[in-house]
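The values are calculated or read from the model by the stated rules, or taken from the named source; none is laboratory data. Note that this is a predicted model, so its numbers are computed, not measured. As a convention, Cβ positions derive from the backbone with ideal geometry for all residues, glycine included, and neighbour counts pool all protein chains shown.
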Amino acid sequence: MSNVFNWQLGREMEYPYEAAFPEQQFAFVFNTNRCIGCQTCTMACKSTWTFSRGQEYMWWNNVETKPYGGYPHHWDVRLLDMLEKANPGGQTWGGTPESLRAPYGTFNGKTVFEAAQTHIGPEGANRALGYLPADDEWSAPNRYEDHPAGNEKGAKGEYFKGGERLPEHKTWFFYLARICNHCTYPACLAACPRNAIYKRPEDGIVLIDQERCRGYRKCMEACPYKKTYYRGNTRTSEKCIACYPRVEGRDPSGGGLPMITRCMSACIGHIRLQGLIELNQDGTWKEARNNPLYYLVHVAKVALPLYPQFGTEPNGYYIPPRWVPRPYLRQMFGPGVDEAIERYIAPDRELLAVLQLFGKDERICDRYEIKEGPKVFEGEVRGKKFEIYNDTIIGYAKDGTKIIETTVEEPVYVRPERHANSI
Ligand code: SF4
Ligand code: SF4
Ligand code: SF4
């Protein structure tokens, strides 16, 4: 075991290999407040990569309804339970938040790697605490779709009594879109006895070498997000490849520029923003004030990692849903939840502009600038002053090409009378 630094935990942790950081890291932000559960992302991935025989149960992108849904079923609850048994009462956060190295304070508990040292999971001694889901747990990718939780249910079918309002609903659910997090410390990679899993030095994308894989499924057991899948007819495991030909700029429609993945570009709700992050020597993010991901994660702090306590340093970040009970969200996204929601509910001028970048272009936005416009609204949101300025945000690709120009207020187009009834 080596000691590596995990900034999401604000401390060093044990990992089977030495830290090795890529030149830049594939990362993304999903805004759960905007996801409508349409599964367009899911089908975009399936029709691109997993439509063949043996891949029927592979959903590299899936969207589950929380709290009851999950693919495989109850993947997160099962692991949280195992971690709690391995370290009863100890899975807590503390310390003081501190810049880039400990933005959420310090995690006092045990990660999947640390818990594996002291606790034997159901599959025996391993490099990461985990479990191998049974076949039937993969059978229904969208079980519990639209099922709400809450104690305030009235008669059957009467989920709302009226008067519900933010910040929290007593009866609630939300959609959680998931892909592989292309983790900085992947548990799948750590667990593979064949060294078949590797993290690309150029962009941090985690891949399974199909020549080396022998289908032992140690990656499936170890990945806390359950994002590798077994294919019976080839006897190998497969996973999300982050649409690497597009990220490399090899999709002809991008004119040579790095492009966002299929699931990102197909997203109907415009909930997804994807990019490439440059890292410091210790794995923290290099300051890039006007990179949209850097801004959302480290400046506005509205986007948080999914289950950071698992310890893999996932590179998927989420703007938490603002109507869901906070203890649930703190468990899922860590201690930054309250601050993130406060800022998102009444966004300041810059945040409002940056939120317009989601889903606007298929090329990766590396940097933005904002041109100030007039004030168009002034009011109050939950006791806080809230103003809207019709600013223009301009996005650039890494080579300086201008790829996005959009305003905060959506322009209104009035259809000319002569086309009134045409589509
Ligand atoms: S999410 Fe799972 S499969 Fe993806 S890199 Fe992390 S540990 Fe590996
Ligand atoms: S990034 Fe590409 S391979 Fe991965 S889930 Fe999205 S569409 Fe599928
Ligand atoms: S396409 Fe976008 S809005 Fe639709 S389910 Fe996927 S993430 Fe949600």
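Points to keep in mind about this one:
- Scan of region 172-204 for residues that are buried (at least 23 other Cβ atoms within 10 Å of the Cβ), more than 7 Å from ligand 1 (Cβ to nearest atom) and assigned to a loop (DSSP other than H, G, I, E, B), ordered by number: Phe173, Ile179, Thr184, Tyr185, Cys192, Gly204
- Test: residue in region 273-291 that is modelled with pLDDT of 95 or more, within 15 Å of ligand 2 (Cβ to nearest atom) and in a loop (DSSP other than H, G, I, E, B): no
- Every condition in (1) surrounded by fewer than 21 Cβ atoms within 10 Å (Cβ to Cβ); (2) out of contact with any helix residue (DSSP H, G or I) (no Cβ under 9 Å at 6 or more places or on another chain); (3) at negative phi; (4) not β-branched (Val, Ile, Thr) is met by Ser47 except one, and the failing one is (2).
- Verdict on Lys226 being at positive phi and within 11 Å of ligand 1 (Cβ to nearest atom): yes
- Screening the candidates Pro314, Pro327, Pro335 for the property of being in a loop (DSSP other than H, G, I, E, B) and either without any contact (Cβ under 8 Å) to a residue 12 or more places away in the chain or over 14 Å from the mean Cα position of the chain (by Cα) (or both) yields one hit, Pro335.
- Among the candidates Ala242, Ala303, the residue that is within 16 Å of ligand 2 (Cβ to nearest atom), in contact with a strand residue (DSSP E or B) (Cβ under 7 Å, 6 or more places away or on another chain) and not basic (Lys, Arg) is uniquely Ala242.
- So Thr50, is it β-branched (Val, Ile, Thr) and under 21 Å from Tyr198 (Cβ atoms): yes
- Phe26 at pLDDT 95 or above, assigned to a strand (DSSP E or B) and either away from ligand 3 (no atom under 16 Å from the Cβ) or basic (Lys, Arg) (or both): yes
- Check on Leu166, modelled with pLDDT under 95 and either more than 16 Å from ligand 3 (Cβ to nearest atom) or assigned to a strand (DSSP E or B) (or both): yes
- Residue selected from region 40-61 under the condition in a loop (DSSP other than H, G, I, E, B) and either aromatic (Phe, Trp, Tyr) or not assigned by TED's automatic domain parsing to the domain that holds Pro72 (or both), by the criterion nearest to ligand 1 (Cβ to nearest atom): Trp60
Per-residue answers, yes or no, for (1) at pLDDT 95 or above; (2) outside the structural domain of Leu83 (by TED's automatic domain parsing); (3) over 30 Å from Gln91 (Cα atoms); (4) surrounded by 11 or more Cβ atoms within 10 Å (Cβ to Cβ):
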residue	(1), (2), (3), (4)
Val354	yes, yes, yes, yes
Asp366	yes, yes, yes, yes
Pro374	yes, yes, yes, no
Arg382	no, yes, yes, yes
Val412	no, yes, yes, no
Arg415	no, yes, yes, no
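- Annotation note: Cβ proximity below 6 Å between a residue of region 262-276 that is of a type in the set (Val, Ile, Thr) and a residue that is surrounded by fewer than 20 Cβ atoms within 10 Å (Cβ to Cβ) and part of a loop (DSSP other than H, G, I, E, B) (sequence gap 6+ or interchain) occurs for Ile268/Cys38; Ile271/Arg34.
- Residue count for region 75-109, restricted to those that are among the charged types (D, E, K, R) and part of a loop (DSSP other than H, G, I, E, B): 1
- Looking only at region 87-110, and only at residues there that are out of contact with any Ser or Thr (no Cβ under 9 Å at 6 or more places or on another chain) and crowded, with 19+ Cβ neighbours inside 10 Å, the one that is farthest from Gly283 (Cα to Cα): Tyr104
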